[in-house]
Amino acid sequence: MSGSGDLLHVVSNDNISNSRKAWGRGIIWGSGLLMALVALAQLMQVQGLHDFGLTSWRPTLYAYIFWAICLSWGQVLLYGEQGKRTLFVLPAALFVISLTVFPLLFGLVIAFSDWNLSSPDGRQFNGLANVRQMWADPFYWNALLNMVWYVLAILVEYTIAFGLALALNAEIRARKFFRVAFLLPLMLSPVAVSWMIGKSMLEARFGPVARLAKFLGWETPSFFGTPGVAKATIMLMDAWTFIPFMMIMILAGLQAIPKELNEAAKVDGANGWRAFWEVTFPMMLPVSITAILIRIIFKLKLADIVIAVTSGGPGGATDTVTSFIFREYRDRSNVGYGTLLAMFYLVLIIIVMTILMKLADRFARPRT
Amino acid sequence: MRKAGMSDVQIFKDSAADRSFRPKWFTGRLFVYGLLILWAFICLFPIYWTLTTSFKMAPDVMKGNLIPWWDFTPKWLGWKSLGLSPDTIGADSTVRDEFMKRFTNSAITSVISSVLAVMLGSLAAYGLSRFSYKFLWMGNSDISFFFLSQLILPPVVLALPMLVLYKELALLDTRIGLILLYTLSVLPIVIWIMRDQFSSIPTELEEAALVDGLSIWGAFITIILPIALPGMVAAFILSLVLTWNEYFFAALLTSTHANTLPVMVASQTGSQGISWWSMAALSWAAILPLIVIGVVLERYIIKGMAAGAIK
């Protein structure tokens, strides 16, 4: 990514006539005005000031889409060649802004209100009551603490993934078979996996894993009975799904290491173990950090298997923040409190990820 | 990893240290293959278990029989309950209709949102890799960061505001609503992959095309897109897998019309006392398309995930 100047130099001499410019401005502002009018009409409808026969905000959405199209077209009319370049990024930017920035701002409003969707009262601003409730909610803090444990489990996943990547990178036969087999867990829907592993294979009486555990001497296997075991089981199931992801990233990194390097190490008399720690591992540091960071991001979204297998139990031991908020909403259908919890979580994530990325940057730089 | 090639060339007589190399190499091999086979077993057994369980009857499940035709006789029990066994496939079946409806919903939402994400993402990634933009204070790297940072955003943050907004927009329980959110959730990944792809294509190609009189968009569509196709396929497949499996938004935002397959699977597993064979059949049917994709298109998935690993 270059900082300044186009990578692709295009000589363009646009002579944009004044009438074309006026037309360009006209459609942008015109459609914007139209959108404002539709929104205003809708607002009056909602407030009960005037009946326009509008049943939902859908027309406003259509007006917004129309405005977005006019805005893109207007770029070309107004700026010619330069506008055509803007057209590459503008649709995606508009899409993302309208689907994240706007809902996030809206979410900020919801977060400080009491809003039960099933009650007819509608939204009620309640100031910091939600914050106070969150502060005193042991289950939420418990869920946050669980996330720390879940994230720490990534180190184990990383070790296993690295080992598997090394094995796959060795001179082996049937590499394609192993690669496909190792990749499959990642492809499967977490909800289906929840049943396949969580509910049937780990079932205490008839599940094959329970049978194996009995055979190995665990008298009454129960994988979701006690908090510690339940958490470990969820970690293992999640690891099963996501180890392929890290493995593939590490494998890609391993294959990018020049062969000469390892051969040079061998000539210098390093055995396999030392060559790994002194050549391979340092070379792999940047890739490892990228893989771990991305994995943390995915881990922080963990919810599906928890919702489907334990729904947080026993006693909140397996709860993730997402599954907790999901249940909170399902049980009380109060969007206000749930949104505040989610917003707080987002702020925490941003802080933690920023620190981690800064640390990773510092950690990786002197060696690369 | 250690390579064995060097000891094969015997120029000098083997010293004791050299002779000890062979058995060591052999145990190394044994270890590597042992590890690979063990892990392949761990990966494949749940899939095998689900498939065989869908053909079991209650006593087989309770006895823990594992191998068909050897310790149990396969029966179409599970598939019959789904209406997909040979003798029920012709007859009417409400469960099958339900399943097909969910399957279609999943297919439509995942394919359309992946196509949308690849289109929007490729355009943005191309623009960002070739031109310099200035929007307010944001330069190219800021805009890239803005797109990629969406990856950090957990779905739960958007979920409840979206729920309320969709209710107002009458988009609740519609496929369009899901498609929009799914596109959003895979867009950063597409941009990540495509940025990598485009930056590996030399700009001389477009410069030549521009000299030949093509416009920027003409050069992009006729010259660059065909070259970037493998990356687009990789991004598409990866998006397809992620959106097909998505559960959280679907569970929250759909109820009767637009339910996807994961929602159906989850709602079935939630109820206690459901027979294992029919659950196994349902789970297996839900993951089958992905197993096919995984086996056939493995190359692209790996390519997609490896993008950005090496810089």
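The values are calculated or read from the model by the stated rules, or taken from the named source; none is laboratory data. Only a predicted model underlies this, so the values are computations on that prediction, with no experimental measurement involved. Counting neighbours? That spans all protein chains shown, and the Cβs are built from the backbone with ideal geometry, glycine included.
Looking only at the range B:123-138, which residues are free of Cβ contacts under 8 Å to residues at least 24 places away in the same chain and within 7 Å of another protein chain (Cβ to nearest Cβ)? Answer for the range B:123-138, where residues must be free of Cβ contacts under 8 Å to residues at least 24 places away in the same chain and within 7 Å of another protein chain (Cβ to nearest Cβ): B:123, B:127, B:131, B:132, B:133. Among all positions in the range A:226-233, there is at least one residue which is loosely packed, with under 14 Cβ neighbours inside 10 Å, of a type in the set (Gly, Ala, Ser), within 29 Å of residue B:47 (Cβ to Cβ) and assigned by TED's automatic domain parsing to the domain that holds residue A:352. Looking at A:204, A:210, A:264, just one residue is aliphatic (A, V, I, L, M) and within 11 Å of chain B (Cβ to nearest Cβ), and that residue is A:210. The residues of the range A:31-65 that are surrounded by 14 or more Cβ atoms within 10 Å (Cβ to Cβ) and either polar (S, T, N, Q) or farther than 26 Å from residue B:163 by Cβ (or both), listed by number, are A:31, A:32, A:34, A:42, A:45, A:56, A:60. Residues in the range B:140-170 that are more than 7 Å from chain A (Cβ to nearest Cβ) and without any contact (Cβ under 8 Å) to a residue 60 or more places away in the chain: B:142, B:145, B:146, B:148, B:149, B:167. Checking the range B:32-42 against the condition returns no match, with no residue being within 7 Å of another protein chain (Cβ to nearest Cβ) and either surrounded by fewer than 16 Cβ atoms within 10 Å (Cβ to Cβ) or of a type in the set (Asp, Glu) (or both).
Residue count for the range A:184-233 satisfying the condition of being small (Gly, Ala, Ser), under 28 Å from the mean Cα position of the chain (by Cα) and part of a loop (DSSP other than H, G, I, E, B): 1.
When only residues in the range A:113-141 that are in a loop (DSSP other than H, G, I, E, B) and aliphatic (A, V, I, L, M) count, which is surrounded by the most Cβ atoms within 10 Å (Cβ to Cβ)? Taking the candidates together, the pick is A:117.
Hey, does the range A:234-249 have a residue that's within 14 Å of chain B (Cβ to nearest Cβ), surrounded by fewer than 15 Cβ atoms within 10 Å (Cβ to Cβ) and either aromatic (Phe, Trp, Tyr) or under 21 Å from the mean Cα position of the chain (by Cα) (or both)? Checking the range A:234-249: not a single residue is within 14 Å of chain B (Cβ to nearest Cβ), surrounded by fewer than 15 Cβ atoms within 10 Å (Cβ to Cβ) and either aromatic (Phe, Trp, Tyr) or under 21 Å from the mean Cα position of the chain (by Cα) (or both). Checking the conditions here, which among B:181, B:151, B:171, B:128 is surrounded by 22 or more Cβ atoms within 10 Å (Cβ to Cβ) and outside any helix (DSSP H, G or I)? Only one candidate qualifies: B:171. Can we say residue A:306 is more than 27 Å from residue A:165 (Cα to Cα), of a type outside the set (D, E, K, R) and either facing chain B (nearest Cβ under 10 Å) or buried (at least 22 other Cβ atoms within 10 Å of the Cβ) (or both)? Here the answer is yes, as residue A:306 does meet what is asked. Scanning the range B:228-236 for any residue that is more than 10 Å from chain A (Cβ to nearest Cβ), assigned to a helix (DSSP H, G or I) and without any contact (Cβ under 8 Å) to a residue 12 or more places away in the chain turns up at least one such residue. Residues that are touching a residue at least 40 places away in the same chain (Cβ under 8 Å) and surrounded by fewer than 20 Cβ atoms within 10 Å (Cβ to Cβ) were ranked within the range B:108-122; the one that is nearest to the chain's Cα centre (by Cα) is B:111.
Scanning the range A:166-185 for residues that are surrounded by 22 or more Cβ atoms within 10 Å (Cβ to Cβ) and more than 7 Å from chain B (Cβ to nearest Cβ) gives a single hit, A:168. Within the range A:291-303, the set of residues being buried (at least 19 other Cβ atoms within 10 Å of the Cβ) and either modelled with pLDDT under 85 or among the β-branched types (Val, Ile, Thr) (or both) comprises A:292, A:294.
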